[in-house]
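The values are calculated or read from the model by the stated rules, or taken from the named source; none is laboratory data. All values reported here derive from a predicted model rather than from experimental measurement. Here the Cβ positions follow ideal geometry from the backbone for every residue, glycine too, while neighbour counts run over all protein chains shown.
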Amino acid sequence: MRQAVAALALAGVLAGPAAAGNWPDRPVRFIVPFPPGGNADVIARIVANGLQEKLGQAFIVDNRSGGAGTVGGIAAAHAAPDGYTFLFSANGPILTAPEMVTPHPYLWSRDFETVAVVTLTPLVVVVGGNSPMKTLDDLVERARSQSYRVIFASGGMGSSNHLLGVYMEQQLHLGWTTVHYRGTAPAMADLIGGHADVEIEQMSTATSFIAAGTVRALAVASDHRWPALPDVPTMVELGHPDMIASTLTAVMAPAGTPKEIVAKMNAGMSEVVGEATVRQHIEAIGAEVRMMSPQQSADYLAHEYTVWIPIVRDIAVQQ
């Protein structure tokens, strides 16, 4: 009996690496916690197509929107840790959205294995095309001198855009009135229509409006100038070295997913986004490939968590 039990235990130990070695032998699912067509969804589909060619299995994008992204996050966190379900998401559903819900449905560092940060897309501060504000200093001066008469159009409570707006208020000692919209699209529409004074937008969304002249870019929240907007200064250049904020796309696996599978997924994604045509496709939508290893990705998320979660908690207390 003892020999039989020992043999079964050994078989179980050997089965894990063997299964990981054969991965994937059936379709893999990317849960995207947003509707189709957004930044994370588009990049997920680009990567899924490339992985399908590299690894010889279908990679299916499963859109699970709702609850500020937590519906998809919960589904991924509760999935079997077998390497056949991953979360492909932006910052919010991974880091900040769970903090806005009580009780917190999951914690990124406990309920997920970090697979990769794939892309970063900086945020840009924009005003209407006819606004008298030409520079970031103009905005700062107005938001200080006309306390709370400046209208900031937020893309939604707890969004990256909203959090950078709050951070700017705190660090630059501004006073403006925040109006929350159900996404950045209606916020941008009201900015263009003259019903708001300032908005913070993803570079990938803002560039077409900037090119058309319907909005004006004042500053990019990045550590380097963006190729699509070479004449727009960064926050760092303007004397605000901590004012760096990007939306990211990252891939997370349910906690307990074998490390071999995590490593193989990361390596496959590195190959995919390393191809010139794929990189150009991603850059064409305004994102920047920043493929990181699992450890580098975990370190980056940990840094982002320490920067933004205190702001999220301050917001929650004020509600």
(request) Would you tally the residues in the stretch 211-223 being touching a Leu at 6+ places or on another chain (Cβ under 7 Å) and not in a strand (DSSP E or B)? (result) 1
(request) For the stretch 92-207, please list each of the strands (runs of 3 or more DSSP E) lying entirely inside it that holds at least 3 residues being under 30 Å from residue 263 (Cβ atoms) and out of contact with any Gly (no Cβ under 7 Å at 6 or more places or on another chain). (result) 112-128
(message) Quick check on my filter: what residues within the stretch 63-91 are in a loop (DSSP other than H, G, I, E, B) and either among the small types (Gly, Ala, Ser) or within 20 Å of residue 36 (Cβ to Cβ) (or both)?
(response) 64, 65, 66, 79, 80, 83, 90
(message) Given the condition surrounded by fewer than 21 Cβ atoms within 10 Å (Cβ to Cβ), within 23 Å of residue 122 (Cα to Cα) and touching a Ser or Thr at 6+ places or on another chain (Cβ under 8 Å), answer yes or no: does some residue in the stretch 42-57 qualify?
(response) no
(request) Specify which of the listed residues (117, 126) is closer than 25 Å to residue 24 by Cα, touching a Lys or Arg at 6+ places or on another chain (Cβ under 8 Å), buried (at least 22 other Cβ atoms within 10 Å of the Cβ) and of a type in the set (A, V, I, L, M). (result) 117
(request) Tally the residues that are within 27 Å of residue 182 (Cβ to Cβ) and either at pLDDT below 95 or not in a helix (DSSP H, G or I) (or both), restricting the search to the stretch 44-62. (result) 2
(message) Taking the conditions exactly as written (under 30 Å from residue 27 (Cβ atoms) and surrounded by fewer than 24 Cβ atoms within 10 Å (Cβ to Cβ)), does residue 80 satisfy them or not?
(response) yes
(message) Restricting to the stretch 26-37, and then to whatever is in contact (Cβ under 8 Å) with a residue 40 or more places away in the chain and part of a loop (DSSP other than H, G, I, E, B), can you tell me which residue is farthest from residue 93 (Cα to Cα)?
(response) 26
(message) What's the number of the only condition in (1) of a type in the set (D, E, K, R); (2) surrounded by fewer than 18 Cβ atoms within 10 Å (Cβ to Cβ); (3) in contact (Cβ under 8 Å) with a residue 60 or more places away in the chain; (4) over 22 Å from residue 55 (Cα atoms) that residue 304 fails to meet?
(response) (2)
(message) Restricting to the stretch 91-118, name every residue that is in contact with a strand residue (DSSP E or B) (Cβ under 8 Å, 6 or more places away or on another chain) and among the aliphatic types (A, V, I, L, M).
(response) 94, 115, 116, 117, 118
(message) Please verify whether residue 38 is surrounded by 17 or more Cβ atoms within 10 Å (Cβ to Cβ), touching a Pro at 6+ places or on another chain (Cβ under 8 Å) and more than 21 Å from residue 23 (Cα to Cα), treating the condition exactly as stated.
(response) no
(message) Out of the helices (runs of 4 or more DSSP H) lying entirely within the stretch 237-318, which hold 3 or more residues that are farther than 19 Å from residue 40 by Cβ and not aliphatic (A, V, I, L, M)?
(response) 259-274, 294-318
(request) Mind listing just one residue for me: the one in the stretch 13-30 that is farther than 14 Å from residue 263 by Cβ and either of a type in the set (Ser, Thr, Tyr) or modelled with pLDDT of 80 or more (or both) and, of those, surrounded by the fewest Cβ atoms within 10 Å (Cβ to Cβ)? (result) 22
